[in-house]
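Participant: Can you read through this structure? Questions will come right after.
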């Protein structure tokens, strides 16, 4: 019966809206493998959206068929309902349409606003920056505060302030640049975008803010890991930690909205992680986490497409 499918999807949506994000947000293992944790967060967000909208659709379309594809096709082709259509069916269909429009609309609006903001900042910065002699692919901004950030997009921009270049030694500067290049290479802004939209669309949901903060911290830790792998200095962890502390102290110099900055998020946790690194996540645990992420996406998809429970 479709009501059983709707109930199963509703239960899954409830779990993904609060308990699961709360558990993952409090867990210690994500700091051992930020990339795997980022995959899990993406799966939670996507599966949660599928589940809540799917539950509403399945219940609303129940009079038209024994599965969502069958019922949806019946509605699209103008076939009459098999069972009486009650008021609650129309209510849930309306809620599904409104929620889907809100989530997709806020996501699109966040994308457009962020892209516009980055483009405006890039255009303004290009008027005042100059090529950096120390880092060929970076731009130098004359400012006494130690600041480093990148603006992602079709024309990415990596900016170092003159204060940053003056305050860091060569190894620390290389660490900062490697961190920012990691953000650009792995397109970390795309990891963040769905959670910015989720928090904007559902501000009353505590899990939305928790997820956004967790993902922001994890992309910084992932960039730290990528930077460490490329550094050729005697003590790369301490070098990067020192550079992060210096960059965090220059936050008053201003980092544009939409930029990713080495000293921007979770500075204390990242420095502790660098100086006292946790053991890597074992391969079986990595596999289990990735399998769980896959199942989170598979379960609502199967419930939506398979015959009714």
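Participant: Roughly how tilted is helix 236-249, in degrees to the nearest 10 and between 0 and 90, from the longest Cα axis of the chain?
Facilitator: That helix lies at roughly 90 degrees to the long axis.
Participant: Sticking with this structure for a sec: For the chain, what is the convex hull (Cα atoms) projected area averaged across all directions, in square nanometres? Please report the intermediate quantities before stating the final value.
Facilitator: Values: hull surface 72.0 nm².
Mean orientational projected area (the chain, Cα hull): 18.0 nm².
Participant: For residue 170 and residue 128, what is the calculated FRET efficiency with R₀ set at 22 Å and r taken between the beta-carbons, to the nearest 0.05?
Facilitator: 0.30
Participant: Right, another one. Suppose each label sits 7 Å from its Cα in the direction of the beta carbon; what would the residue 205-residue 18 distance come out to in nanometres?
Facilitator: 1.3
Participant: Here is a follow-up. Determine Rg/Rh for region 1-122; Rg is computed over alpha-carbon atoms and Rh is the Kirkwood hydrodynamic estimate from the same atoms.
Facilitator: 1.11
Participant: Which three extents, in whole angstrom, do the alpha-carbon atoms of region 131-278 cover along their principal axes, largest first?
Facilitator: Sorted largest first, the three principal extents are 46, 35, 26 Å.
Participant: Report for the chain the percent antiparallel among DSSP-assigned beta bridges with both residues inside it, nearest 5.
Facilitator: Values: 8 of 11 bridges.
Counting DSSP beta bridges with both partners in the chain, the antiparallel share is about 75 percent.
Participant: Indicate, rounded to the nearest 5 percent, the antiparallel portion of the DSSP beta bridges found entirely in region 131-278. Could the numbers behind the result be given before it?
Facilitator: Values: 7 of 10 bridges.
Beta bridges within region 131-278, antiparallel portion: roughly 70 percent.
Participant: Also, quick follow-up: For a quick protection proxy, order the peptides 16-25, 188-197, 128-137 by their average other-Cβ count within 10 Å, most packed first. Don't jump to the answer; show the numbers that get you there.
Facilitator: On the way: 16-25: 16.9, 188-197: 20.4, 128-137: 13.0.
In descending order of packing, they fall as 188-197, 16-25, 128-137.
Participant: Just want the ordering: 244, 53, from fewest to most Cβ atoms lying within 10 Å of their own Cβ.
Facilitator: By the 10 Å Cβ count, ascending, the order reads 53, 244.
Participant: Something else about it: Which one of 282, 30, 152 has the biggest mean-square fluctuation once the chain is modelled by GNM with Cα springs under 10 Å?
Facilitator: Comparing 282, 30, 152 in the GNM, the peak value goes to 282.
Participant: Relative to the first principal axis of the alpha-carbon coordinates of the chain, what is the inclination of helix 188-201, with its axis defined by its Cα atoms, in degrees from 0 to 90 and to the nearest 10?
Facilitator: Its long axis makes an angle of about 50 degrees.
Participant: Going by alpha carbons, how many degrees (0 to 90, nearest 10) lie between the helix axis of 206-230 and the longest principal axis of the chain?
Facilitator: Once rounded, the angle reads 40 degrees.
Participant: Please compute the length gained on full extension between residue 190 and residue 229, using 0.36 nm multiplied by the number of residues separating them and subtracting their Cα-Cα distance.
Facilitator: 11.8 nm
No value in this document is a laboratory result; all are computed from the given coordinates. Since we're looking at a predicted model, the values are computed, not measured. Glycine gets a Cβ as well: all are built from the backbone with ideal geometry, and neighbour counts include every protein chain shown.
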